[in-house]
Amino acid sequence: MSLSSLAQQIHLWLLGHMSEQWTLVLEMIIAGILVISFFAVLGLVLVYMERKVSAWMQIRLGPNRVGPKGLLQSFADTLKLLIKEGLTPDGADKFLFNIAPIGAIMVSMLLMAPIPFAKDFQMWDINIGVLYVSAVSSLSVISILVAGWSSNNKYSLLGAMRSGAQIVSYELSAGMAIMTIVILSGSLSLTEIIQSQQNGWWLFKGHVPVIIAFVIYIIAVTAETNRAPFDMAEAESELTAGFHTEYSGMKFALFFLAEYVNVFIVCAIGAILFLGGWMPLHIGEWTAFNHIMDYIPSSIWFMGKTFGLIFLIMWFRWTFPRLRVDQLLKLEWNYLLPISMINVVLVTALAILGWYFK
Amino acid sequence: MQETIGHSATGDLVINVGPQHPATHGVLHLVIHLQGETITKVEPHLGYIHRSIEKMCESLTYRQFIYVTSRMDYLSAHINNLACALCVEKGLGVEIPERAQVIRVLMSELTRIASHELWWGAMAMDLGAFTPFFHAFRERESINDIMEETCGARLTMNYMVPGGVMMDLHPNFQKRVKDFLQLYKSKIDEYDEMVTGNIIFQNRMKGVGYLSKEDAISFGCSGPTARASGVSCDVRKWYPYEIYSKLDFEEVIETGGDSLARYMVRIREMKESIRIVEQLIDAIPEGPFQAKTKAVLKLPKGEFYQQVETARGELGVYIVSEGGTTPYRIKFRSPGFSNLSALETMVKGSKIGDLVAAMGTLDLVIPDIDR
């Protein structure tokens with residue numbers, strides 16, 4: 001039974017028991033609870049994954065004491081964070097200081113809405129999904145700036161300022177990269193973009209320009225989510241912990257969670273745009289192969305691609321040194337942005353002339 | 001001038017880097033003045049780990065005070081001990097058996113490799129790359145194991161005594177060192193792949209933290225820091241002690257003067273140290289490992305000085321003797337202190353990230369600076 005039919009059955013069952021309005025309200029509540037629990041699980045899984053991946057690259061074992069293969073380590077850590085005292089520094093702007101982590105997590109939650117996790121399974125099939133995602137993801141900089149400003153700590157302030165410059169700049173490149181796919185598929189809706197990849201993923205269909213766009217997208221979102229080698233905002237050896245230096249306990253955990261969920265979301269968007277989202281891998285005329293691929297559930301396809309990209313981003317983090325802040329901005333304004341601008345023009349020509357594989 | 005909290009009189013942002021900070025590798029306290037991200041002033045504040053080792057030495061006998069010096073530059077503890085032992089021997093006028101000399105040089109060079117290993121990992125971590133740290137520690141661990149077997153300790157070995165070394169080499173020593181050399185040669189290229197060749201790394205290091213030859217000399221820099229600016233200052237070449245004059249090795253000199261040059265000097269020095277160890281490991285002469293000395297050592301009245309090349313630079317030991325069993329006054333000229341004084345010249349006008357990179361290439365050990 002697929003996820004979409006399950007959702008359909010719940011919908012019908014609810015309709016049979018109550019009015020349409022109540023069904024809507026109840027479904028919203030269910031969706032909300034699902035998002036929050038998905039968030040928690042995602043945070044645990046990604047933190048565990050990061051620790052295992054880093055251990056693997058650093059010839060260590062990683063967490064292996066709590067639970068089988070250390071699987072419960074993340075739970076233990078979360079529990080610790082929950083019972084820790086959430087300090088508010090004396091000189092901090094108390095209201096802003098406390099609201100910043102909530103802002104960060106809220107942005108991540110909002111971004112979860114239009115993502116199709118499986119075939120016909122998404123919370124909100126909005127027809128301007130891509131626009132929505134890029135618009136909402138820009139909001140994440142606000143909470144970081146607020147956190148840095150309200151902490152009354154110079155390290156935090158520096159981290160926040162760096163992060164502000166960084167996120168605003170790299171959004172341009174990420175937006176341009178996303179635009180190439182919008183041009184090719186002719187739609188802003190995430191569902192339609194996935195449908196347009198029925199006969200092959202855009203990464204394969206779109207020739208070199210789309211590959212360039214994909215590379216730029218990965219670089220830009222790594223910077224946008226403040227991950228190494230672009231972790232200017234945190235830059236442990238320079239700014240101790242950057243914008244969240246003063247945060248502790250659950251407030252810190254919210255920032256931490258938001259960071260990981262943002263990584264998941266940008267990877268999910270990358271998988272949707274370039275790798276066909278939940279579409280199975282089909283190779284031309286290989287009918288038998290294509291049939292076998294169809295048997296794998298669409299949710300597995302989606303998660304597999306997303307986690308593949310997440311692994312890639314983690315790989316960056318554990319192998320590259322960090323850029324300097326001026327080099328970071330130079331990379332964006334001198335290289336990535338001009339390249340992606342030319343790339344958009346190329347893709348437009350490609351789309352008009354129909355030179356991509358159909 | 002009256003300074004308001006957090007801001008200097010010129011309106012710069014004043015930040016305390018340290019004494020607890022991930023980049024200072026110990027309790028170094030830097031007060032840095034910033035215009036935006038640009039550094040206008042760096043002021044090192046010292047003394048957080050001052051244990052008055054020099055004063056302590058005055059009340060210890062010539063046999064005892066050597067062990068305290070392991071705690072100065074703990075990463076080249078062997079070489080510190082060696083400097084003190086050599087200085088005492090100079091005063092006593094004893095002849096050291098050849099076997100002891102070879103063992104001392106072997107241990108010094110192994111220590112140098114271990115120290116540079118740790119520096120390499122820590123410096124990469126300063127630049128935000130975590131993985132090299134673990135790779136560096138993998139190799140350093142095998143040196144520590146060799147040390148543990150022969151000297152009984154891994155970090156503060158206390159192996160050098162006036163007249164030679166404390167005990168003979170462990171029977172396994174030669175085999176283990178050879179195993180290590182083999183392992184190490186297969187790994188050292190990995191370092192270049194992982195860090196040296198990385199474009200981000202190159203951009204972070206090239207042209208950053210520039211120290212001219214003149215400045216290096218006037219600040220009294222020594223060791224790899226000075227050699228990266230083109231100053232030939234290797235004590236092993238200029239004032240050879242032990243058997244260094246008979247050995248075939250190069251003094252590594254780079255002329256870049258920037259962080260990358262300092263990095264390359266240390267990387268190449270590791271390879272030179274390997275060469276020295278290779279020359280000696282099969283040629284350890286037979287004989288006693290310690291010269292015969294009296295149970296209670298008394299230095300004649302006078303002043304004695306001995307300098308050696310530690311992993312960080314020139315360490316000088318200056319003993320003033322009144323003819324008793326304890327020194328009248330001891331002064332250590334530690335390399336870290338002079339090297340640190342060049343930091344402001346290096347990083348003025350560059351970004352915070354450059355400060356961290358330049359500090360990483362100075363290879364500071366704070367207990368060596370404070371003593």
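The values are calculated or read from the model by the stated rules, or taken from the named source; none is laboratory data. Computed from a predicted structure; not experimentally measured. Cβ atoms come from the backbone with ideal geometry, glycine included; neighbour counts cover every protein chain shown. Accessible surface areas use protein heavy atoms only, side chains included; no ligands, DNA or RNA. Shrake-Rupley method; radii C 1.70, N 1.55, O 1.52, S 1.80 Å.
Rounded if a/c is under 1.5, else prolate if a/b beats b/c, else oblate: with a ≥ b ≥ c from the C-alpha gyration tensor eigenvalues square-rooted, which is the range A:1-83? Don't skip to the end; give the middle numbers.
Numbers: a/c = 4.14, a/b = 2.68, b/c = 1.54.
In terms of gyration-tensor shape, prolate.
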On a full-extension model of 0.36 nm per residue, what is the gain between A:TRP286 and A:ALA349, subtracting their alpha-carbon distance, rounded to one decimal in nm? 19.6 nm
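At 222 nm, what value in deg cm²/dmol follows for chain B if DSSP H runs of at least 4 each add -39500 (n - 2.57) and the sum is divided by all its residues, to the nearest 500?
Computed mean residue ellipticity for chain B: -14000 deg cm²/dmol.
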The rounded separation in angstrom of the Cα centers of the range A:274-312 and the range A:218-247 is 32
Mind listing the phi-derived Karplus ³J(HN,Hα) values for the range B:39-55, rounded to whole Hz, using 6.51, -1.76 and 1.60 with θ = phi - 60°, and x for any glycine or proline? 7, 10, 7, 10, 10, x, 10, 10, x, 6, 10, 6, 10, 6, 4, 4, 5
For the range B:91-203, go through all pairs of different Cα atoms, get the mean of 1/r, take its inverse, and jot down that Kirkwood value in Å. 15.6
To the nearest 10 degrees, the tilt of helix B:259-281 (Cα long axis) against the first principal axis of the alpha carbons of chain B is 10
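By the gyration tensor of its Cα atoms, with a ≥ b ≥ c the square roots of the eigenvalues, what is the shape of the range A:258-348: rounded for a/c under 1.5, prolate for a/b over b/c, or oblate?
Here the range A:258-348 falls in the oblate category.
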Extension gain from B:LYS55 to B:ASP215, taking 0.36 nm per residue of separation minus the Cα-Cα distance: 54.5 nm
Please give the calculated 222 nm ellipticity per residue for chain A, where each DSSP H segment of at least 4 residues contributes -39500 (n - 2.57) and the sum is spread over every residue; nearest 500 deg cm²/dmol? -23000 deg cm²/dmol
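With a 1.4 Å probe and all protein chains left in place, how much accessible area per residue does chain B have, in Å²?
For chain B, the solvent-accessible area averages 37 Å² per residue.
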Obtain the nm distance between the two label points defined at B:ASP179 and A:ILE296 by a simple spin-label model: each point lies 7 Å from its Cα along the Cα-to-C-beta direction. 4.4
Net charge dipole size for the range B:114-218 [Lys, Arg +1 and Asp, Glu -1 on Cβ; Debye, nearest 20]: 80
Measure off, as a whole percent, the carbon and sulfur share of the 1.4 Å-probe accessible area of chain A, all protein chains present. 73
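Taking only the Cα atoms of chain B, how large is their convex hull per residue, in Å³?
On the way: hull volume 50.2 nm³, N = 371.
Taking only Cα atoms, chain B has a hull volume of 135 Å³ per residue.
First check a/c for the range B:182-311, with a ≥ b ≥ c the square roots of the eigenvalues of its C-alpha gyration tensor; if it is under 1.5, answer rounded, and if not, answer prolate when a/b is larger than b/c or oblate otherwise. Kindly include the intermediate steps, with their values, before the conclusion.
Numbers: a/c = 3.04, a/b = 1.48, b/c = 2.06.
It is oblate, given that a/c is not under 1.5 and a/b is not larger than b/c.
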If each of B:ASP248 and A:GLU85 carries a label point 7 Å out from its Cα toward its Cβ, how far apart are those two points in nm? 6.7
So what are the ³J(HN,Hα) numbers for the range B:244-249, from phi and the Karplus equation (6.51, -1.76, 1.60; θ = phi - 60°), rounded to whole Hz, Gly and Pro as x? 4, 5, 8, 8, 9, 8
On the full set of protein chains, 1.4 Å probe, figure out the accessible area of B:PHE337 and give it in Å² to the nearest 10. 110
With unit charges on the beta carbons (Lys and Arg positive, Asp and Glu negative) and the dipole taken about the Cα centre of the range B:205-331, which residue among B:GLY230, B:THR310, B:MET264 sits farthest to the positive side? B:THR310
Computed on protein heavy atoms with a 1.4 Å probe, what is the summed buried accessible area for the chain pair B and A, in Å² to the nearest 100? 2600
Any chance you could look up the accessible area of B:GLU251 with a 1.4 Å probe, heavy atoms only, rounded to 10 Å²? 40
Taking the alpha-carbon set of the range A:88-353, what are its Rg and Dmax in Å? 19.2, 68
With charges set only on the Cβ (+1 for Lys and Arg, -1 for Asp and Glu), what does the dipole of the range A:88-353 come to about its Cα centre, in debye to the nearest 20? 220
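With a 1.4 Å probe and all protein chains in place, put A:HIS11, B:HIS21 in order of accessible area, largest first. Could you put the intermediate results ahead of the total?
Values: A:HIS11 60, B:HIS21 20 Å².
The residues order as A:HIS11, B:HIS21, largest area first.
Give the accessible surface of the range A:183-312 per residue, rounded to a whole number of Å², with probe radius 1.4 Å and ligands, DNA and RNA excluded. Don't skip to the end; give the middle numbers.
Working: 4370 Å² over 130 residues.
That works out to 34 Å² for each residue.
Using only the Cα atoms of the protein assembly as shown, what semi-axes does the equivalent ellipsoid have when each is the square root of 5 times a gyration tensor eigenvalue? Give whole Å, largest first. Provide the component values of the computation, followed by the final result.
Numbers: eigenvalues 685, 152, 118 Å².
Three semi-axes, in Å: 59, 28, 24.
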Euclidean distance of C-alpha centroids, the range B:164-185 and the range B:328-364, integer Å: 33
